[in-house]
């Protein structure tokens, strides 16, 4: 791993540890509407999440504190989860998406949340206990090196996390490894719609905020194809530019990136 990649990873880990700790204290860390911020007001976090595509019913189905107002969409909306399936949530944070997935797959299913931030893992485990979720577990680990066995999952999902990785091809290779043949990838993340200026790419705030690490759609398609995936679909959401503008006001980053749904399948013949 290069020195720069390690610096990026350490900065992201520190940023999200601060988010988790601030949320635990009930204080504010960063902008309330930022992908890497958190509000001390649950109503504000709920407003942010409904803006991203979650319903009021979704918010009512998770333990208090699991919805931290993070993410850039709702991956469950494209995951087509079925009862009994095994799901891996990359960058699970406080457990919001993992808990929603757990209710879709039911008691016969299982959800594994993976996060590299110890404070987030502790928070998610406490939320699971509070919500009495018995079919969810949270593991400390990096999404480039998943603590999961080969061919273990039916679905790998993620919400605005892969963008934070300095080695996205490795993330997709790991997702491919842990999926069963015929398994599905369901991701909500930020993609680049135009080549970003170097000053934006190198901005630590924009990187921790899920923006500076965005890749062009054709580059993501190449990474996914190289990893072995087929039936690749990347659909940008133009309406996302409005909330991305709120993540970094007056920086113009919304002219270069957009939220998108990313889907792919591991061939059944693998």
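Quick look at the values:
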read-out	value
Those residues of segment 105-133 which are farther than 23 Å from residue 180 by Cα and not in a helix (DSSP H, G or I), in sequence order	116, 117, 132, 133
Selected residue [in a helix (DSSP H, G or I) and in contact with a strand residue (DSSP E or B) (Cβ under 9 Å, 6 or more places away or on another chain)] from 138, 172	172
Residues satisfying the stated conditions in segment 69-108, i.e. on the phi > 0 side of the Ramachandran plot, touching a residue at least 40 places away in the same chain (Cβ under 8 Å) and buried (at least 24 other Cβ atoms within 10 Å of the Cβ)	71, 91, 93, 95
Scope segment 182-206; condition crowded, with 16+ Cβ neighbours inside 10 Å, part of a loop (DSSP other than H, G, I, E, B) and in contact (Cβ under 8 Å) with a residue 60 or more places away in the chain; matching residues	193, 196
Members of segment 244-264 that are out of contact with any strand residue (DSSP E or B) (no Cβ under 7 Å at 6 or more places or on another chain), over 15 Å from residue 201 (Cα atoms) and crowded, with 19+ Cβ neighbours inside 10 Å	247
So residue 158, is it part of a loop (DSSP other than H, G, I, E, B) and either within 18 Å of residue 59 (Cα to Cα) or in contact (Cβ under 8 Å) with a residue 24 or more places away in the chain (or both)	no
Members of segment 93-104 that are modelled with pLDDT of 95 or more, within 18 Å of residue 187 (Cβ to Cβ) and either touching a strand residue (DSSP E or B) at 6+ places or on another chain (Cβ under 6 Å) or part of a loop (DSSP other than H, G, I, E, B) (or both)	95, 97, 98, 101
Qualifying residue in segment 229-249 (condition: more than 21 Å from residue 48 (Cα to Cα), touching a residue at least 60 places away in the same chain (Cβ under 8 Å) and over 15 Å from the mean Cα position of the chain (by Cα))	no
Residue list for segment 115-126, restricted to those being closer than 23 Å to residue 64 by Cβ and within 18 Å of the chain's Cα centre (by Cα)	115, 117, 118, 119, 120, 121, 122, 123, 124, 125
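The values are calculated or read from the model by the stated rules, or taken from the named source; none is laboratory data. Since we're looking at a predicted model, the values are computed, not measured. Neighbour counts run over all protein chains shown; Cβ positions are idealised from the backbone, glycine included.
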